[in-house]
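The values are calculated or read from the model by the stated rules, or taken from the named source; none is laboratory data. Bear in mind that the values here come from a model prediction, so they are computed numbers and not experimental data. Using ideal geometry, Cβ is built from the backbone for each residue, glycine included, and neighbour counts are taken over all protein chains shown. Surface accessibility is based on the protein's heavy atoms, side chains included, excluding ligands, DNA and RNA. Shrake-Rupley method; radii C 1.70, N 1.55, O 1.52, S 1.80 Å.
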Amino acid sequence: MIDKNELLAKVSDTSTESEYFSPIPKGYVKGKTKYVIVMGTVMSGLGKGIFSSCLAKLMQDKGLKVTPIKLEGYLNIDSGTLNPFRHGEVFVLDDGMETDMDLGTYERMLDQNLSKDNFSTSGQIYRSILDKERHGDYLGRDVQMIPHVTGEVKYRLRTLAHKTQSDIVFVEIGGTVGDLENAFYIEAMRELAYEEGPNSCCFVALTYILEPKILGEQKSKAAQLGIKQLMQSGIQPDIIACRAANEVNEKARQKISVFSNVPISRVVSLADSASIYQIPAMLRECGMDFEVLRLLHIEDRIDLRKERQQWATWCDFTDKMGKEKYDITIGITGKYTSVRDSYASIINALEHSGIALGCRVKISWIDTSEITDKNVGEHLKDVDGIIVPGGFGTRGTEGKISCIKHARLNNIPFLGICLGFQMAVIEFARNVCGLKKANSTEIEPECTQAVIDILPEQKKIEKLGGNMRLGGHDIEIKTDSIAFKLFGHHETIRMRFRHRYEVDPKYIETLENGGLIFSGKAPNQPIMQILELSGHPYFMATQSHPCLTSRPMRPQPMFTGLVAAARSAKYPDQKIPQFLQAVEIACK
Ligand code: GLN
């Protein structure tokens, strides 16, 4: 911290000359980067992230450089301490930032790795302001919501714009217009549009059209009121996207148009869609992409030839959807089984691999709290493959171990992820290596055969939040393994992690002597990252979260392997390529 005397000297240097305070990063050129700002009214959960990522994708296809940023209203510094049951999964970026699941949607849609610069919370904004205040950076001024807090928001957006040299920054504001915690973001956007000048910002309001069953007609009043609230904040929307269960009719759109000063051509209907991957086509059909280009005066920056190629590739991908020839069922043992959002990346990864292999993947959620070695066969009788995903805490872990044992002994394709990897090690230690008391100290702190234990370097910093091994790490792959073949003969790959426990190195030899193959390890550290069994159709697990890096047109090989193995098991008579060959074709 700065010395008190230094601080006082600094603040006595107060500038009283100007009321303007809008810090601008060095080198920032006004007008180079445009901003599309997406906000929600009426209710949250309208799919702002989906909408924004699909629109960004259309712009990227046209050869424009795009980057998203999600602005969250909550005071948490990151999403790491949020319960996935309430907020959806925690999405981990390569740089280790723990973010909202929308960042996953952006990464998948744009096939682009994002960083901590693409994610901001009110907590982060306030923290950096308070740090600056203690440092004397406000030169004796009282630090206020306007201009200092809003200034910090604009500074972050402009820094992102400048760093990435983007044509368009897509700004998504979490929650809804009218939330107290979001108010300063909205005010910052108003200021940004004013300072950047005409045609620099395009405001999109997502709203919802109600259709109560008893009335049988679409009602736009709630939408109108939400938009009114936005206009009262000094923001005139340029585009209104009306989300609804069904196509929004002309009458409702007209009412909104008249009410909001937005021409009807820019009040568009966005009905629910079966797959997010159909949404870019919906946006193109209503001409949204060119409306945005015109509003931002950047029609001259686009590359139509590139767009044609990109669009053809995308359509090749979406055309495969709905035409799958095979049906398989994958069981997922999940604690948060009632909320699909808590496993969003896994569901997406299965979809990507399924599309590549012509499989419709049905998911069967398995609550393991009641599962034992005796009844496990009954619970798993209808699945063609099993995933034991990541998780924390002790609930249902013995049931998970029973599922893994059943998969191992009955040749059922199995993929273990993070906690699932740890459970697979425990199962193998107990039932193959004779370490009957094997467990994890996360589950049984006094365990005498702790094959899974807290990371040595983490033992020193035992505090909740910020003490996990997070983000992308390299993995060295054993060359004579299934993993090596799955990953296209690469000796080093990279995956993302989020864990505190790991295989205790002192048990590695015993486990390997029992036949467990650790085919992926951290370079220079005895951290086991991938395991496999030979002589089983597909038994693989990883300490990482492979689902986080699966992309629509680049499915993640560990998932593709699982789906291919499940397909081979279910359709033994069909002449389909065996799983390794299938993965090679799908992941090329
Ligand atoms: N709870 C385990 C650990 O902390 C697994 C974490 C996870 O599955 N993400 O290591």
Of everything in the range 527-547, what is more than 16 Å from the ligand (Cβ to nearest atom) and farther than 22 Å from Ser568 by Cα? Give them in sequence order. none
Test: Thr394 is within 16 Å of the ligand (Cβ to nearest atom) and open to solvent by 30 Å² or more (accessible area, probe 1.4 Å): yes
Evaluate the range 356-364: report whether one residue or more is within 25 Å of the chain's Cα centre (by Cα), crowded, with 18+ Cβ neighbours inside 10 Å and assigned to a helix (DSSP H, G or I). yes
Can you find, within the range 388-416, the residue that is farthest from the chain's Cα centre (by Cα) among those that are over 18 Å from Ser534 (Cα atoms) and among the β-branched types (Val, Ile, Thr)? Ile401
In the range 139-162, the residues that are among the acidic types (Asp, Glu) and open to solvent by 20 Å² or more (accessible area, probe 1.4 Å): Asp142
Meets criteria (acidic (Asp, Glu), modelled with pLDDT under 95 and either part of a helix (DSSP H, G or I) or within 15 Å of the ligand (Cβ to nearest atom) (or both)) for Glu378: yes
One residue from Ile227, Ile240, Ile298, Ile276 being in contact with a Cys (Cβ under 8 Å, 6 or more places away or on another chain) and either touching a residue at least 12 places away in the same chain (Cβ under 8 Å) or within 30 Å of Ala344 (Cα to Cα) (or both): Ile276
Per-region count, the range 249-286, residues farther than 17 Å from Leu206 by Cβ and open to solvent by less than 20 Å² (accessible area, probe 1.4 Å): 2
Please specify each residue of the range 471-506 satisfying the condition of being assigned to a loop (DSSP other than H, G, I, E, B) and more than 13 Å from the ligand (Cβ to nearest atom). Lys478, Thr479, Asp480, Ser481, Phe487, Gly488, His489, His490, Glu491
Would you confirm, using the coordinates I've provided, whether Glu195 is in contact with a helix residue (DSSP H, G or I) (Cβ under 9 Å, 6 or more places away or on another chain) and closer than 18 Å to His148 by Cβ? yes
Determine whether Phe518 is more than 22 Å from Asp384 (Cβ to Cβ) and more than 16 Å from the ligand (Cβ to nearest atom). yes
